[in-house]
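Asks: Could you have a look at this structure, given as structure tokens, before my questions?
The values are calculated or read from the model by the stated rules, or taken from the named source; none is laboratory data. In this text, all values refer to a predicted model and were calculated from it rather than measured experimentally. Please note: Cβ atoms are built from the backbone with ideal geometry, for glycine as well, and neighbour counts cover all protein chains shown. For accessibility, only protein heavy atoms count, side chains too; no ligands or nucleic acids. Shrake-Rupley method; radii C 1.70, N 1.55, O 1.52, S 1.80 Å.
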Amino acid sequence: MTDPEKTEHSGASYSETAYRSDALPSQAPLSDPGGFARALEGLNFVERLPTGSYAGLDIDVDPDVVEHFQDRARGTADFSGPTWNHETMPTDLIKTRWEFILVLAGALGDRFVFCVFALAVIGTCLSMIAFGVGFGVAVQMYLWPFVWLVGLHLFFRYPFKWLLERHPEIMVRDLGCGFFRMTGKIKFRTYRGKETFEAPFIEFDPYIAYHVQPNGPVSYKLVLRHRYRGRQTEVATVPQGRKTELYAVWDQLQRYMDVSQPLPDIPALEAYRSLDPTTAAYDAAGKRGRPADYWVTLDLDWWKREGYPEHMKKIAEFPWDSLEDKMEDSVPNLREAAMA
């Protein structure tokens, strides 16, 4: 029996609830909590981003991402965990207790970060000697911190990495969370860890929020906030000087969810373009303008040297504030009652 909630299309199907920017339904207005309550709840919200209009600029095309993708295509890189495809972009896979450990591993396991820390320790030790502290005393004070630093670097870079690549189930708990293109739904973990929240993509408003780190620097994050329940999930975080990258993150995510648009043209999704109805039709009409194996055969040296810098320049210089917010036509009082 045919599912009445699905529309058959070229052997695949999109649900009736799938997100379509060219057919946004009328939605309920927001309940306005008042200026004071809204300002208090949205204290760190900087701006609300427009929905439904696109620049067509993708963010997941970093040279490291492209290189890893090409290595995997050649069979020279290990597969690490679930990946996204034309139906689902999995999220919230890491068990909460592992998040800090992975941040620590990412920092201390990185050669550049390790060298910075090592030079800092050695430089401090030499400075103390220069200011009259005895050589033996200085070495005694900084020898063990240096040994620990080297030990942690080697541990996170080799046995720890080896363990997680072969047994990702240690740190992964798949609760079925993610962004679902076929159904237009979002599901994410709540603050309780094991509980989840699910709602249609069109019921979330995108905000850029800022966060002040304990040591002073400001970072920006893209947050999706459920318009009627107040539940929210963080999509991406960037340092202060790279705020414009969040606009591209939102642009790419919207086009991934929007079944009236082809899939974002990024390495991770290249193998699935022929499986998505809208994207397959788009490519068959010659609109992509690239070979089917574009990212697999891309000249990586050129991309690092010229292509990627030019791409990021386009993101930085694009007039993001000129995009139309189609959601304001769908939600009667969105402009007046939104958090920012």
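Asks: Can you tally the net charge around L323? Count Lys and Arg as +1, Asp and Glu as -1, for every other residue whose Cβ sits under 13 Å from the Cβ of L323.
Replies: -3
Asks: May I pose another question? On average, how much accessible surface per residue is there in the range 227-340, in Å², for a 1.4 Å probe, leaving out ligands, DNA and RNA?
Replies: The answer is 50 Å² per residue.
Asks: Tell me, what is the percent relative contact order of the range 181-340, built from C-alpha pairs under 8 Å that lie six or more residues apart?
Replies: That works out to 13 percent.
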